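**Q** Dropping a structure here in structure tokens format, bear with me for questions.
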Amino acid sequence: MMTDNSKDSSAPSNQATTTNGHLQDKLVKDSIAHNQQISAQILRNQTTNVVPSKNNSVANDDNSDFTKVQDLPTGTPQGQQTTMPNNDQTTRTNPSEQTIKQTLFNQRDDINNPHTPETDGNEQTHFGYKTVNKAEKQARVADVFTSVAKKYDIMNDLMSFGIHRLWKRYAISLSGVRAGQHVLDIAGGTGDLAKVFSREVGRNGHVVLSDINAAMLEVGRERLINAGCNNVDFVLANAETLAPFDDESFDLVTISFGLRNVTDKDAALKSMYRVLKPGGRLLILEFSKPVFEPLSKAYDLYSFTALPVMGKLIANDAESYQYLAESIRMHPDQQTLKQMMQQAGFENCDYHNLTAGIVAVHRGFKA
């Protein structure tokens, strides 16, 4: 009896299981049929929009159910961009073949070399210890910094044993920068000073990080964007002309370890004077002449032996760091640079020796 009751009680359960199985089968079949209808509709739409050819048939394309990459709309990456279209340079000779030239970083960019064979002839200048035509120096310096851009910061730390950070901090302490001011950091490269100035001037202030070298400026740009510095512009500019900038535009102009690479330093100082507002301040942080003779000899030995070796090991470029050592020796000493600033129009000029004169901070004001 118990056996019969057991069989009878299991019958409804088996029946329910069978019913559920049929229901699941029906749902699966309906889903497959629905998907087939959608696929067929897509095929019909593609067939009406694409003209089949002998070598290109939508119906025979196994991937026809999927959108092809070339069919996707072309968009602009979000966020701050490396390039900007310059509408003034749009060519409209043929509407179907418009060419839009793009400039790096900013529409105001201008890195034209003011020294050409036409303007300077065979007039010569120094490139380290080498003598080259003036028209050649800008390109040679560009090669050096393009080569070392990616390793520039780590090499600075190694070469100076990290002391370059203290030098820069001291220079910033002399800047007198305040909230709301406009600052131009020339040859700013990887943006050490500009990053601090961005914080000091605040949301109502503005900082321009400029450099003549696109590779260096790109390193600085990426670094400052990652740091959230949204009040900074990045402009390619030649220090000798500062052509992108209007007269009396900035409260503070700085150049850190860049002046020695400029072909015509007098022209650069005059341009810095031009873009400063009345009462504005110029700060120059640069390698200079050690004032302690024993230190000078040890410094020379270190510069011409250790620097090229480190350059080879770290940046795979000994020649660029040989140039670095030579360019330091060819740069004007403290008193000469002060006189050059005065000749450019700056007043109340002074300088501060750091690390016994290995580096000096020069300061001048525009009346």
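**Q** For the residue pair A306 and A179, what label-to-label distance in nm results when each label sits 7 Å from Cα along the Cα-to-beta-carbon direction?
**A** Here the modelled spin labels are 4.3 nm apart.
**Q** Based on the Kirkwood radius over alpha-carbon pairs, what is the Stokes-Einstein translational diffusion coefficient of segment 117-245 at 37 °C with 0.692 mPa s viscosity, in µm²/s? Can you show the working numbers first?
**A** Details: Rh = 16.1 Å.
D, rounded to a whole number, is 204 µm²/s.
**Q** Below 14 angstrom from the Cβ of V148, what's the summed charge of the other residues (Lys, Arg +1; Asp, Glu -1)?
**A** Taking every Cβ under 14 Å from that of V148, the sum is -3.
**Q** Let me ask another. What whole-number distance in Å separates the alpha-carbon centres of segment 238-313 and segment 204-221?
**A** After rounding, the separation between the Cα centres reads 16 Å.
**Q** Here's another thing I want to ask about it. In whole Hz and in residue order, list the ³J(HN,Hα) couplings for segment 154-165 that follow from phi through the Karplus curve 6.51 cos²θ - 1.76 cosθ + 1.60, θ = phi - 60°; x for Gly and Pro.
**A** Whole-Hz 3J(HN,Hα) from phi for segment 154-165: 5, 5, 4, 5, 5, 5, 9, 6, x, 5, 4, 5.
**Q** Where does the charge balance sit around G279 when Lys and Arg score +1, Asp and Glu -1, over other residues with C-beta under 9 Å from its C-beta?
**A** Working: positive: K277, R281, K366; negative: D251.
Every neighbour counted, the sum reads +2.
**Q** Let me ask something else. Using only the C-alpha atoms of segment 119-175, find the volume of their convex hull and express it per residue in Å³.
**A** Working: hull volume 7.5 nm³, N = 57.
Normalising the Cα hull of segment 119-175 by residue number yields 131 Å³.
**Q** To the nearest 10 square angstrom, what accessible area does R363 show with a 1.4 Å probe?
**A** Spelled out: R363, probe radius 1.4 Å, area about 50 Å².
**Q** Go through K130/K277; K312/K366; K151/K297; K137/K277 and tell me which ones have a Cα-Cα distance over 32 Å in this structure. Provide the component values of the computation, followed by the final result.
**A** Details: K130/K277 37 Å; K312/K366 42 Å; K151/K297 27 Å; K137/K277 30 Å.
The answer is K130/K277; K312/K366.
**Q** Something else: Running Debye on segment 230-342 with equal point scatterers at the Cα sites and no solvent, what base-10 log of I(q)/I(0) appears at q = 0.15 Å⁻¹?
**A** Values, matching the q order: -0.79.
**Q** Using θ = phi - 60° and the Karplus form 6.51 cos²θ - 1.76 cosθ + 1.60, what ³J(HN,Hα) does each residue of segment 292-299 get, whole Hz, x for Gly and Pro?
**A** 10, 4, x, 5, 4, 5, 5, 5
**Q** Rank Y129, Y152 by accessible area, highest first, at a 1.4 Å probe radius?
**A** On the way: Y129 125, Y152 40 Å².
Result of the area sort, largest leading: Y129, Y152.
**Q** Based on C-alpha coordinates, I'd like the Rg and Dmax of segment 169-209, in Å.
**A** 9.3, 24
**Q** Assuming 0.692 mPa s and 37 °C, estimate D for segment 180-298 with Stokes-Einstein, Rh taken as the Kirkwood radius over Cα pairs, in µm²/s. Let's see the in-between values first.
**A** Working: Rh = 14.7 Å.
Roughly 223 µm²/s, to the nearest whole number.
**Q** Return the FRET efficiency for the residue pair I154, E123: r is the Cβ-Cβ distance, R0 is 41 Å, and the value is rounded to the nearest 0.05.
**A** Details: r = 37 Å, r/R0 = 0.90.
Calculated value: 0.65.
**Q** Related question: Using a 1.4 angstrom probe and counting only protein chains, how large is the accessible area of T355 in Å², to 10?
**A** 60 Å²
The values are calculated or read from the model by the stated rules, or taken from the named source; none is laboratory data. If you're wondering where the values come from, they're calculated on a predicted model, not measured in any experiment. Ideal geometry is used to build each Cβ from the backbone, glycine not excepted, and the neighbour counts take in all protein chains shown. What goes into the accessible areas is simple: the full protein's heavy atoms, side chains included, and nothing from ligands, DNA or RNA. Shrake-Rupley method; radii C 1.70, N 1.55, O 1.52, S 1.80 Å.
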